[in-house]
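The values are calculated or read from the model by the stated rules, or taken from the named source; none is laboratory data. Remember, it's a predicted structure, so these values are computed and weren't measured experimentally. When we count neighbours, we look across all protein chains shown, and the Cβ atoms used for this are built from the backbone with ideal geometry, even at glycine.
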Amino acid sequence: MNPSRVRRQLLRLGLAVIPSLAGAATSKPLRMTVVDIMPWSGLDATGQPCGAIVDLVRRLSQSSGIRIDITVVPYGRAARMLIENDADLMVAVNGAHGTILPPPIAELGQEDIVLLGAPGSRYARMADLRQKTVGYLRGATFVPAFADDPAIRKYAFDSYQQGIRMLSIHRFDALIGSGRTIDYTLRHLGMTTQDMAKPFLVSHNAIVLYISSGAQTPGLLARLKTACHHLRRQRALEACLRHYLP
């Protein structure tokens with residue numbers, strides 16, 4: 001057989017194989033890690049992921065055409081998985097001030113960060129917390145004004161249920177965290193904000209999408225950013241939250 005003809009045939013075969021390999025690569029699901037904090041994400045009675053962010057990620061998958069597998073883990077572990085490339089994506093409230101998380105690539109919504117005082121207390125500004133002990137979710141300090149003030153004593157807790165129970169018995173003076181998580185947890189514990197001091201708004205933090213360094217490609221970034229933009233315009237997160245909050 002003519003050598004040039006053989007080369008042409010091999011080249012055609014090679015060009016036919018390359019697209020099929022590319023298709024196989026893009027068909028592999030991305031690994032999404034979400035934080036085990038309801039109403040955002042958790043596990044239902046059958047052990048399956050549930051929550052507003054879980055529902056939102058499923059809509060993100062549909063909008064982008066990218067298959068996404070969801071794993072629900074504690075906050076600190078979720079961040080480590082992303083940093084160490086054990087997860088490709090992460091959605092969370094942007095509250096890890098001073099950590100080595102990569103910059104988020106897109107915003108999906110907003111969340112109020114509030115300060116909830118112990119029963120009988122009264123706080124109206126961050127300066128009122130100096131010389132007080134304030135509880136916060138381990139790894140999520142939320143705002144520099146809180147994280148960087150050495151006069152505010154800080155106490156890390158591992159779940160909002162633990163934090164609110166400790167606050168109710170005055171183990172610390174106040175708690176800083178996600179407003180809707182606090183509301184959800186109070187109801188879950190059979191309590192309301194009336195059982196505590198009046199909360200005050202500290203900041204508005206974005207709910208964002210992160211991508212690991214090992215998963216980033218220009219094409220993937222473009223698809224995810226476009227899908228997030230559409231979901232943000234549709235207020236998809238608010239629609240998902242209505243299934244879990246009154």
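Candidates in segment 136-149 are the residues that are in contact with a Lys or Arg (Cβ under 9 Å, 6 or more places away or on another chain) and not aliphatic (A, V, I, L, M); of these, the one that is nearest to GLY190 (Cα to Cα) is TYR136.
For the subset of segment 205-246 comprising residues that are charged (D, E, K, R) and outside any helix (DSSP H, G or I), which member is surrounded by the fewest Cβ atoms within 10 Å (Cβ to Cβ)? Filtering first and then ranking leaves ARG242. For segment 167-184, filtering for residues that are free of Cβ contacts under 8 Å to residues at least 60 places away in the same chain and surrounded by 21 or more Cβ atoms within 10 Å (Cβ to Cβ) leaves 3. On the basis of being among the small types (Gly, Ala, Ser), modelled with pLDDT under 95, surrounded by 17 or more Cβ atoms within 10 Å (Cβ to Cβ) and in contact with a Leu (Cβ under 9 Å, 6 or more places away or on another chain), does ALA197 make the cut? When the stated conditions are applied, ALA197 passes them. Considered as a group, the residues in segment 177-204 that are among the polar types (S, T, N, Q) and either touching a strand residue (DSSP E or B) at 6+ places or on another chain (Cβ under 6 Å) or outside any helix (DSSP H, G or I) (or both) include one that is nearest to ALA147 (Cα to Cα), and that residue is SER203.
Can you confirm whether segment 144-166 contains a residue that is in contact (Cβ under 8 Å) with a residue 60 or more places away in the chain and part of a strand (DSSP E or B)? Within segment 144-166, none of the residues are in contact (Cβ under 8 Å) with a residue 60 or more places away in the chain and part of a strand (DSSP E or B).
Looking across segment 157-166, the residues that are buried (at least 20 other Cβ atoms within 10 Å of the Cβ) and either at pLDDT 95 or above or touching a Ser or Thr at 6+ places or on another chain (Cβ under 8 Å) (or both) come down to TYR160, GLY163, ILE164. Test VAL72 against the stated conditions and say whether it is without any contact (Cβ under 8 Å) to a residue 40 or more places away in the chain and within 21 Å of ASP36 (Cβ to Cβ). When the stated conditions are applied, VAL72 passes them. Here MET126 fits the description: crowded, with 17+ Cβ neighbours inside 10 Å and either over 22 Å from the mean Cα position of the chain (by Cα) or closer than 23 Å to GLU238 by Cβ (or both). The set of residues in segment 154-170 that are of a type in the set (D, E, K, R) and within 20 Å of SER203 (Cβ to Cβ) contains only LYS154. Identify, please: which residue in segment 2-56 is of a type in the set (Gly, Ala, Ser) and at pLDDT 65 or above and is, among those, surrounded by the fewest Cβ atoms within 10 Å (Cβ to Cβ)? For segment 2-56, the residue satisfying everything is ALA45.
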